[in-house]
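Okay, so here's the structure we're looking at.
The values are calculated or read from the model by the stated rules, or taken from the named source; none is laboratory data. Because the structure is a prediction, the values reported are computed rather than measured. In this analysis, Cβ positions are derived from the backbone assuming ideal geometry, glycine residues included, and neighbour counts consider all displayed protein chains.
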Amino acid sequence: MKYFIDISKQDWLVVFLFAIVFGGVLGSFITVLIGIESLYQGLVTGVIFGLSIFFFSFVLINLSNKYVLKHFDEKFWEFISLSFSFLAGFLGSVVGFCVVKGFNIVEINFPQNILILSFTLIGILTALLGYLLYWIVNIRKIKSDLEKSLIVARLKSLEYQINPHFLFNTLNVLAELTHINPQLAEKTILTFAKYLREVIDEESLITVERELSIVKNFVFIQKVRFPEINVHYNIDPSILEVKIPKLSIQILVENAIKHGIKSRGNIWINGYRQNGKVVIEVIDDGEGFKEIKEGTGLQNLKNRLKHLVNGSLSYYREDNKTVFKIEFNG
């Protein structure tokens, strides 16, 4: 496993608060224990040391991750990262000491060798805490990656499972068309081939433009069976290159046909940006629903949206229409 401390903003906030609280408490305890000054002055001294060490930790760890580690073989990453963590504690305590000494917050008159030993011990302690932080962050990241890999694996399994009813009905239509309308039969076969090629492609995330291509091929085949199905597209061009889990829109369109409009009616596919998110709506004017029982398709779509693009799926009735809405950052 790579030694790379990829710390989020929330993690840094926790480290910052820990540095203040732990530094303040430790500073107060030591000050009172050795009887140097008041509890308040010890608290201030500890907070200054904590903030100074946090500052150097933030700077040096980010410097190491972004600019240093990539120039070395991975087998040296752990040593380099621990060295930078040690430097953060050592330099942070030196600067903290200089600030306390310069502002005469607490009178510290230790021999130089004792000060250097203290700074070194603080550096070692910071390196150990950094190593602990590394494992906490990376164990969480490993768990997240495993969950994401599981979702992707499930998606791959579903991508290769063509709806047997859709396949059976399409083949029946093609068999009938070859006798009554050979030209339409040929066009339908070519469209069906394009649809299958897109569906079994290995990519799990595709652009909205490619997803709409799958939808249009699917709709073309459905309209051969049900000519009174009408699909209207209203897509903001700025979202066409945004990536989305494959079959996300197609599943909703298929759901709208199967459970909404049945063999006749209208479906609207809207795509736009709103409040920093990409929003995709699939709306139908079918009979609607009193309560939706989420099947495997919708549950899987929710999971894929959540884990692959940090998105969500919602649905509701509005103006005698059924609305399915996808939202995600993009």
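Go through LYS277, LYS302, LYS293, LYS306 for me and flag whichever is more than 18 Å from ILE214 (Cβ to Cβ) and modelled with pLDDT under 85.
Values: LYS277 fails: modelled with pLDDT under 85; LYS302 fails: modelled with pLDDT under 85; LYS306 fails: modelled with pLDDT under 85.
That would be LYS293, the only listed residue that is more than 18 Å from ILE214 (Cβ to Cβ) and modelled with pLDDT under 85.
Look through segment 39-85, keep the residues that are of a type in the set (Ser, Thr, Tyr) and buried (at least 20 other Cβ atoms within 10 Å of the Cβ), and return whichever of them is nearest to GLY96 (Cα to Cα). Give the steps one after another, and end with the answer.
Here is the first cut: in segment 39-85, the residues of a type in the set (Ser, Thr, Tyr) are 40, 45, 52, 57, 64, 67, 81, 83, 85.
Still in the list and also buried (at least 20 other Cβ atoms within 10 Å of the Cβ): 45, 52, 57, 64, 81, 85.
Numbers: THR45: 8, SER52: 6, SER57: 13, SER64: 22, SER81: 22, SER85: 16 Å.
In this case the residue turns out to be SER52.
Within segment 185-207, is even one residue among the acidic types (Asp, Glu) and at pLDDT 95 or above? Quick ask: steps written out before the conclusion?
Kept after step one, since they are among the acidic types (Asp, Glu), are these residues of segment 185-207: 186, 198, 201-203.
Now drop any that are not at pLDDT 95 or above, which leaves none.
Checked segment 185-207: no residue is among the acidic types (Asp, Glu) and at pLDDT 95 or above.
Just give me the residues in segment 90-112 being of a type outside the set (D, E, K, R) and without any contact (Cβ under 8 Å) to a residue 40 or more places away in the chain, in sequence order.
From segment 90-112, those of a type outside the set (D, E, K, R) are 90-100, 102-106, 108-112; that's our starting set.
Answer for segment 90-112, where residues must be of a type outside the set (D, E, K, R) and without any contact (Cβ under 8 Å) to a residue 40 or more places away in the chain: PHE90, LEU91, VAL94, CYS98, GLY102, PHE103, ASN104, ASN109, PHE110, PRO111, GLN112.
Within segment 225-307, considering only strands (runs of 3 or more DSSP E) that don't extend past its boundaries, which have at least 2 residues that are touching a strand residue (DSSP E or B) at 6+ places or on another chain (Cβ under 6 Å) and among the charged types (D, E, K, R)? If you could, list the steps in order and put the result at the bottom.
On the way: elements: 229-235, 243-245, 265-274, 277-284.
It comes to 277-284.
Please go through segment 252-268 and pick out each residue that is of a type outside the set (Gly, Ala, Ser), buried (at least 22 other Cβ atoms within 10 Å of the Cβ) and closer than 15 Å to ILE326 by Cα.
Selection gives LEU252, VAL253.
Condition first: touching a residue at least 12 places away in the same chain (Cβ under 8 Å), over 29 Å from the mean Cα position of the chain (by Cα) and exposed (fewer than 14 other Cβ atoms within 10 Å of the Cβ). Can you find one or more residues in segment 230-242 that meet it? Can you show your working first?
Filtering segment 230-242 down to residues touching a residue at least 12 places away in the same chain (Cβ under 8 Å) leaves 230-236, 238-242.
Retained after the next criterion (residues that are over 29 Å from the mean Cα position of the chain (by Cα)): 230-232.
Then keep just the ones that are exposed (fewer than 14 other Cβ atoms within 10 Å of the Cβ); that gives 232.
So far as segment 230-242 goes, yes, one or more of its residues are touching a residue at least 12 places away in the same chain (Cβ under 8 Å), over 29 Å from the mean Cα position of the chain (by Cα) and exposed (fewer than 14 other Cβ atoms within 10 Å of the Cβ).
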